[in-house]
Structure formats: structure tokens, C-alpha cells
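Heads up: the structure comes next, in C-alpha cells.
The values are calculated or read from the model by the stated rules, or taken from the named source; none is laboratory data. Since we're looking at a predicted model, the values are computed, not measured. Every residue, glycine among them, receives a Cβ derived from its backbone with ideal geometry; neighbour counts consider all protein chains shown.
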């Protein structure tokens, strides 16, 4: 399990791994807009699968898998966002079987599971297919959104790979801000400007001071970065 900055980072990491290079990703329609956006930003091609009162239409998913090579499926089985509906237990078993037959990675969103009207979310897909499901969860809906505590459950090799990617992304925000402060420059991590912790690779710098002060600040920032990377080398996410 990988602890993340909320569920959105968990979802973004998961789809970033499976959606690159224009890969086709099956998604519920309607579905969670931020997840759809994460797929597009990762370079993937979301393909909608309709829902009915029983949840995801498994027959439609099978037809899509028979016609195209689909790399992954994003689904919230127990509490769809925005409808609040769930995918029936027998359909979950069929989805797990299809995923196994077609080597389909499933990204399962469990964030709203505890908010089911009858308090019974049912067996998650990750319990039916533990080696083929990346499951994202969060405390934001059942506790407090300000905690920004999320997680991703996945096979150990996947978690180790994503931990290196997360570290490479995060080191440019909260850790660099601390290093810069030790060098006398106050900056704001990019994630502080977003409710979902986005923009981890950016920082915010005020440019109001005079050019000589800005030049001195740039030199100090360069020294802070040099000190930080020398103490903790960044693992490249490329080919990780």
C-alpha cells in the first residue's frame, strides 16, 4: 500500500502508469470527472461504458474488449460518482473474470464506499482479483478533507515503482520548500495552490522585488536544490 496526498494523487499515479502513449482506458459513463481528466492528462484515451440500475454494463465491456485492445478499466464499483449507484455482485465477478482473461488492469475507486445508503459496499474487485487491481481510497469523505490522506493498494512491484515516481514528483514541492527556507528564500509548493494536491512539480515564487534581489534569490534556490539532491538523489521515473 502506498500512502498518497489524497485519493486524487492515488488515482493519478495509477492511471499515469496504465494510460500513457494513447492507451485505451474503459471508464464508466457517467463517471468521476477528475479521474477522466487524469486519464487524458496522462495521454490515455477514455472509452465510455454505459451503466444501468445494476451498474456497469458487462456485456458492453465485453463487446469493447472483443473489438479493441483495452489496457485498463477505471470503475467505482460500490458507489459511482456522480450517480451513487453500485455494480451488482454478480457483475463484479464477471468483470474480474474478463479482466483476468484479457489481462486488463483495473483501477478501482473506493473513496465513496463508506457512504453507501445501506452501509454495505459489497466485495471490492481488489478482493476478487488482487493481482490485477489498483484500488484507490481516502479518508477525505469519512473524516475530513483537509487531512489529504489517501492510499493506493496494488501488487508490491507496482507499489515500489509508483513510490519512486511519487518521490521524484514530490521532492520538487514540500521538500524543496524546506531546503529553500534554510537558504533564506520562502517559496510555496505547487500543491498548496490546489485542493487536490495537483502541481507537485511546480513552486510559486514572488517576482515583485528588485532584479538584484531576484538574482540573489535564484542563486540561493540553486544552492538549495544542489544541497538537497546531493543529500537525496532523485530516482528518475523514466523506465523505473
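Residues of region 53-82 that are part of a loop (DSSP other than H, G, I, E, B) and closer than 24 Å to residue 113 by Cα: 53, 54, 57, 76, 77, 78, 79, 80, 81, 82.
Between 42, 38, 26, 14, the distinction of being touching a residue at least 24 places away in the same chain (Cβ under 8 Å), over 17 Å from residue 109 (Cα atoms) and in the same structural domain as residue 138 (by TED's automatic domain parsing) belongs to 42 only. In this structure, is residue 97 in the same structural domain as residue 138 (by TED's automatic domain parsing) and closer than 24 Å to residue 141 by Cβ? For residue 97, the condition - in the same structural domain as residue 138 (by TED's automatic domain parsing) and closer than 24 Å to residue 141 by Cβ - is not met. With respect to (1) within 17 Å of the chain's Cα centre (by Cα); (2) part of a helix (DSSP H, G or I), the lone exception for residue 46 is condition (2). When we screen 55, 6, 85 for residues that are within 13 Å of the chain's Cα centre (by Cα) and surrounded by 17 or more Cβ atoms within 10 Å (Cβ to Cβ), the only hit is 6. Within region 16-41, being surrounded by 23 or more Cβ atoms within 10 Å (Cβ to Cβ), at pLDDT below 90 and either in a helix (DSSP H, G or I) or on the phi > 0 side of the Ramachandran plot (or both) holds for one residue alone: 38. Only a single item in (1) surrounded by 20 or more Cβ atoms within 10 Å (Cβ to Cβ); (2) within 30 Å of residue 163 (Cα to Cα); (3) over 17 Å from the mean Cα position of the chain (by Cα) is not met by residue 76, and it is number (3).
Exactly one residue among 103, 114, 108 is surrounded by fewer than 21 Cβ atoms within 10 Å (Cβ to Cβ) and modelled with pLDDT of 85 or more, and that residue is 103. Considering 90, 69, the condition of being closer than 18 Å to residue 129 by Cα and surrounded by fewer than 20 Cβ atoms within 10 Å (Cβ to Cβ) is satisfied by 90 alone.
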